[in-house]
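Novice: I'd like to ask you about the structure that follows.
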Amino acid sequence: MANPFQSPLAEAEPSASTGEEAPPSRVRWMILGVTTLASFLLYLDRICLAEVLKYDSVKETLELTDVKIAWSLSAFFWSYALGQVPGGWISDRFGARLMMTIYILSWSLFTAMTGWAIGFVMLFGLRLSVGMAQAGAYPTSGGILSRWMPIGQRGMASSVVAFGGRLGGAVAPYSTSWLISVCRGWQAVMVLYGVVGAFVAAAFWIFFRERPAEHPRANAAEQALIAYGRPAGAGAASAHRAGETAVVVRLVLRSASMWLMNLSQFTTNVGWAFLVTLLPTYLKEAQHAPDKAGGLMATVVLLVGMAGMLMGGWLTDWAARRLGLRWGRSLPLALSRFLATAAFFALPSLDSPWAATAAFAVVAFATDLGVAGTWACLQDVGGKYVGAVLGWGNMWGNLGAAVSPPLLQWVSMSSGPGGVAVRNWDVAFAVCGVSFIISGLASLGIDATKSVAPGQDE
């Protein structure tokens, strides 16, 4: 088999100077673009609520206590986590084009309906619904990239799609705060985000096809380029084969490497979720940042993370070429988690809003630096089950994110004078730092060379 990490473009592309064949078309980049757009919306609708719930007027209108806010923020991640494997399986079974369109329309509808929430129960239920609707999106995206991108560019493509998500998340705090001031109310902002989603769903349906051979604008040269370095018949999975994905749970339960990946993702998200759930509240309560300034700081944190996202794709592909697939995937992931640990442990000694913002930015950068490697590793080991395998890994990651808000709320609260509840943010930072240590240690044991289903690669 050809080495997919050694310049596949140079060997796969025909010479334009011979005139014998047309150069490869570029449909794969259009597919990457529309998948990235869906990822952008995914995080925009996921993170906007954390910004909304820092407003006292919203808390009073919905009669929300700190505990109810923590569970409202956690609700999304519970359903999102538990829906990962079913979402990936359904997309494998019925096709990414249909299911991704349905996913986008569904979560956009529930986001819009959040604007009509009248209390905690309704808000909690709608966030559960948004999480369930979004659950299949990233497993489906993993399958899309495995079929549409050359093997040697999976890390890069994964980083671009994940970058789109982080961009949406980075835009969410400031754009939501700004739109609330413009629209004079948070309800209209939620409806607006829902309407935007309908246009994104339409764009995905129009431009996407299941695989290169089915796209009218993907020529034979591009199909050959995408197939370079794969086993014979790769990418030919069809509906009759996709039903086999149900066996993925049995396969991953037998994989020690996958269990280490699960632990790494779980503990990573226990710490990372602070950035997208409690950070706006921390900046307002502990650092006394005004609403718009706090929104800007939260946006800066996630923008810095985006740089790590893009660099991570290049890093994991480069490391795989230099160190081999085993250490090329696991070592950058582990080191990035230890860097996040250092940033969290530094936070208690920082006494200004922008200094704390800088530390959180390091956490975001370090976390996102490892995301592309995680995605690429799951594609490496997933074979023809990549959608469900990526869903399984994402499930554990988002269970960590679901646990994070109520866990950090519980460990950081204590009784002050007169029995008034007082939050100790340093305790929360310590828990997040330890979580990243565990993630880094687990990452060192991950082996991307061991497929969950040997001999059944896509």
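The values are calculated or read from the model by the stated rules, or taken from the named source; none is laboratory data. Remember, predicted model here, so these are calculated numbers, not experimental data. Here Cβ is always computed from backbone atoms with ideal geometry, including for glycine, and neighbour counts include all displayed protein chains. Surface accessibility is based on the protein's heavy atoms, side chains included, excluding ligands, DNA and RNA. Shrake-Rupley method; radii C 1.70, N 1.55, O 1.52, S 1.80 Å.
Novice: Failed condition for residue 369, given (1) open to solvent by less than 10 Å² (accessible area, probe 1.4 Å); (2) within 23 Å of residue 149 (Cβ to Cβ), with all others met?
Specialist: Evaluating residue 369 over (1) open to solvent by less than 10 Å² (accessible area, probe 1.4 Å); (2) within 23 Å of residue 149 (Cβ to Cβ) leaves (1) as the failure.
For every residue, the table says whether it meets (1) within 20 Å of residue 325 (Cβ to Cβ); (2) at pLDDT 85 or above; (3) surrounded by fewer than 17 Cβ atoms within 10 Å (Cβ to Cβ).
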| residue | (1), (2), (3) |
| --- | --- |
| 381 | yes, no, no |
| 394 | no, no, no |
| 401 | no, yes, no |
| 407 | no, yes, no |
| 427 | no, yes, yes |
| 432 | no, yes, no |
| 442 | yes, yes, no |
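Novice: Could you say whether any residue in the stretch 148-157 is modelled with pLDDT of 85 or more and within 19 Å of residue 108 (Cβ to Cβ)?
Specialist: Within the stretch 148-157, not a single residue is modelled with pLDDT of 85 or more and within 19 Å of residue 108 (Cβ to Cβ).
Here's the yes/no breakdown for (1) touching a Leu at 6+ places or on another chain (Cβ under 6 Å); (2) within 23 Å of residue 309 (Cα to Cα); (3) open to solvent by 10 Å² or more (accessible area, probe 1.4 Å):
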{"site": "74", "(1), (2), (3)": "no, no, no"}
{"site": "84", "(1), (2), (3)": "no, yes, no"}
{"site": "89", "(1), (2), (3)": "no, no, yes"}
{"site": "96", "(1), (2), (3)": "no, no, no"}
{"site": "113", "(1), (2), (3)": "yes, no, yes"}
{"site": "118", "(1), (2), (3)": "no, no, yes"}
{"site": "131", "(1), (2), (3)": "no, yes, no"}
{"site": "136", "(1), (2), (3)": "no, yes, no"}
{"site": "148", "(1), (2), (3)": "no, yes, no"}
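Novice: Moving on to the next point. Considering only residues that are farther than 22 Å from residue 42 by Cα and surrounded by fewer than 17 Cβ atoms within 10 Å (Cβ to Cβ), which ones fall in the stretch 186-220? First the steps, then the outcome.
Specialist: Here is the first cut: in the stretch 186-220, the ones farther than 22 Å from residue 42 by Cα are 211-220.
Scanning the stretch 186-220 gives 213, 214, 216, 217, 220.
Novice: If the requirement is being β-branched (Val, Ile, Thr), at pLDDT below 80 and either surrounded by fewer than 24 Cβ atoms within 10 Å (Cβ to Cβ) or under 15 Å from the mean Cα position of the chain (by Cα) (or both), which of these qualifies: 249, 300?
Specialist: On the way: 300 fails: at pLDDT below 80.
Selected residue: 249, the only one of 249, 300 that is β-branched (Val, Ile, Thr), at pLDDT below 80 and either surrounded by fewer than 24 Cβ atoms within 10 Å (Cβ to Cβ) or under 15 Å from the mean Cα position of the chain (by Cα) (or both).
Novice: So residue 150 ticks every box in (1) closer than 23 Å to residue 273 by Cβ; (2) in contact (Cβ under 8 Å) with a residue 24 or more places away in the chain; (3) touching a Phe, Trp or Tyr at 6+ places or on another chain (Cβ under 9 Å) but one. Which box is left unticked?
Specialist: (1)
Novice: Another one. Would you confirm whether any residue within the stretch 31-41 is under 27 Å from residue 171 (Cβ atoms) and at pLDDT below 90?
Specialist: Within the stretch 31-41, the first condition is being under 27 Å from residue 171 (Cβ atoms), and the residues that meet it are 31-41.
Subsequent filtering for residues that are at pLDDT below 90 retains none.
Checked the stretch 31-41: no residue is under 27 Å from residue 171 (Cβ atoms) and at pLDDT below 90.
Novice: Within the stretch 59-71, which residues are open to solvent by 20 Å² or more (accessible area, probe 1.4 Å), part of a helix (DSSP H, G or I) and not basic (Lys, Arg)?
Specialist: Listed by number, the residues that qualify are 60, 61, 66, 67, 71.
Novice: What single numbered condition from (1) more than 18 Å from the chain's Cα centre (by Cα); (2) farther than 26 Å from residue 351 by Cα; (3) touching a residue at least 12 places away in the same chain (Cβ under 8 Å) fails to hold for residue 292?
Specialist: Status for residue 292: all satisfied but (2).
Novice: If only one of 217, 230 is in a loop (DSSP other than H, G, I, E, B) and at pLDDT below 85, which one is it?
Specialist: Working: 217 fails: at pLDDT below 85.
It is 230.
Novice: Condition check: closer than 17 Å to residue 200 by Cβ, part of a helix (DSSP H, G or I) and aliphatic (A, V, I, L, M). Does residue 34 satisfy that? Walk me through it before giving the result.
Specialist: On the way: closer than 17 Å to residue 200 by Cβ: yes; part of a helix (DSSP H, G or I): yes; aliphatic (A, V, I, L, M): yes.
Yes, satisfied.
Novice: List pairs: first in the stretch 35-58 and open to solvent by less than 10 Å² (accessible area, probe 1.4 Å), second hydroxyl-bearing (Ser, Thr, Tyr), Cβ under 6 Å, 6+ apart or cross-chain?
Specialist: Pairs found: 35/141; 45/111; 45/193; 48/176; 50/277; 51/176; 51/177; 54/281.
Novice: Considering each residue of the stretch 55-80, count those that are over 21 Å from residue 173 (Cβ atoms) and among the hydroxyl-bearing types (Ser, Thr, Tyr), and give that number.
Specialist: 2
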